[in-house]
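Just below is one structure, and these are the notes that go with it.
Read-outs: derived from the displayed coordinates by stated rules, not from any lab. These numbers come from a predicted model, not from an experiment. Cβ placement follows ideal geometry from the backbone for every residue including glycine, while neighbour counts extend to all protein chains displayed.
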Amino acid sequence: MQQRIGWRNVCLVVAIAVTASCPGQAQAYRRRGGSNSHNYAAARQRQQQAIVQAALAQLNAAKQVLAAAESTGGAAQSKLDAAVAKLRDSSQHFHDAQSTTRHLAKELAEVENEILAEQKDDSPYSKATKDVEAARKKLKDVEERILAEQEVQLQLSELTGAKLLDKKRSILELRPDYLDAKSSLDTIASSAAHIRSELFQNDKDWKDAAEALTKARKEEKEAEEKTHSGASGRVGNTANLKNASQAAAAARAAIAGAWRGRADRSAADTSHRC
């Protein structure tokens, strides 16, 4: 009975935290959504929402482990194993959500994907991408033609593994047509990379997201230098749990860790705002 009351209290506190930290309904991230900002403060607020959702998922998974640990019957162990696996996944997700750099790196990648998706077929980037694909195909065709030659096949016939790969490489690197195709691909790919980089550098959303990520990495590095401790909320190794009592202990640790990690993040964000 006391355990059930404690569980309700934890859920109530987290629910209050959700209301406090998410004054508006969380929106799916869209770069061109209009109101989403990529500055550091806005990114941390979105991360806070992700942390709360991940914490609730871990709490729910832990609750299922506790219920499975008390179950009996022939399917009890399979239920427990499934619940523990879910707890392990939700714990890892919760741990990842608490990393500002992981969160911002994901946002930056999303911005980059959308920038590239916005490029029209006749844009410099799209043309450069097609040129790279054509150059890569040409190199592959040249390589296949050389390796299909009868004399080359005889040299490779009795080789396997690393020796086969090394021999292929040495043969190709002696052929001018292969070297020309490879050099052409390298040049075209470098040009495409330069165009891609310019697209990012000229985009305000990308610059804001990149700056926020740089700042977060600096802060996390400084924090790591000051201390190696801290509550991530991640459950320990659940792969070696051998019985229901061990699983229940891990679940209770997950409940405590989920709230502790959430509270630590709230305190850290409050200090940033002050």
> Among L159, I188, L174, which residue has its Cα positioned farthest towards the positive end of the charge dipole of the range 121-201, with +1 placed on the Cβ of Lys and Arg, -1 on the Cβ of Asp and Glu, and the dipole taken about the Cα centre?
Replying inline: L159
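Over the range 121-201, what relative contact order in percent results from Cα pairs under 8 Å that are six or more residues apart? Let's see the in-between values first.
On the way: 41 pairs, mean separation 40.0, N = 81.
Across the range 121-201, relative contact order equals 49 percent.
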>> Give the lysines whose C-alpha is closer than 20 Å to that of K86, dropping any in the same chain fewer than 8 places away, or say none.
In response: K63, K242
> Dipole size in debye (nearest 20) for the range 121-201 around its Cα centre, Lys and Arg Cβ +1, Asp and Glu Cβ -1?
Replying inline: 160 debye
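Of the listed peptides 106-118, 202-214, 154-166, 80-92, what is their order by residue-averaged count of other C-beta atoms within 10 Å, with the highest listed first? Please report the intermediate quantities before stating the final value.
Values: 106-118: 16.2, 202-214: 17.7, 154-166: 10.4, 80-92: 19.3.
So the order, starting with the most tightly packed, is 80-92, 202-214, 106-118, 154-166.
If each residue of separation counts as 0.36 nm, what is the full-extension length gain between I146 and E110 once their alpha-carbon separation is subtracted? Please list the in-between numbers first.
Values: separation 36, 0.36 × 36 = 12.96 nm, distance 4.06 nm.
Result: 8.9 nm gained on full extension.
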>> Give me a comma-separated list of calculated 3J(HN,Hα) values for the range 125-140, in order, Karplus coefficients 6.51, -1.76, 1.60 applied at θ = phi - 60°, integers in Hz, x for any Gly or Pro.
In response: 5, 5, 5, 5, 5, 5, 4, 5, 4, 5, 5, 5, 5, 4, 4, 5
> Which of the aspartates and glutamates could a cross-linker bridge to K137, judged by Cα under 15 Å and excluding same-chain residues fewer than eight apart?
Replying inline: D177, D180, D186
> Put +1 on the Cβ of every Lys and Arg and -1 on every Asp and Glu Cβ in the range 121-201; which of A134, S197, S123 then has its Cα farthest towards the positive end of the dipole?
Replying inline: S197
>> Below 19 Å, Cα to Cα, which lysines can K218 reach? Residues fewer than 8 away in the same chain don't count.
In response: K106, K207, K226
>> Just to check I understand the Karplus step: with θ = phi - 60° and J = 6.51 cos²θ - 1.76 cosθ + 1.60, what whole-Hz values come out for the range 69-76, glycine and proline as x?
In response: 5, 8, 6, 10, x, x, 9, 4
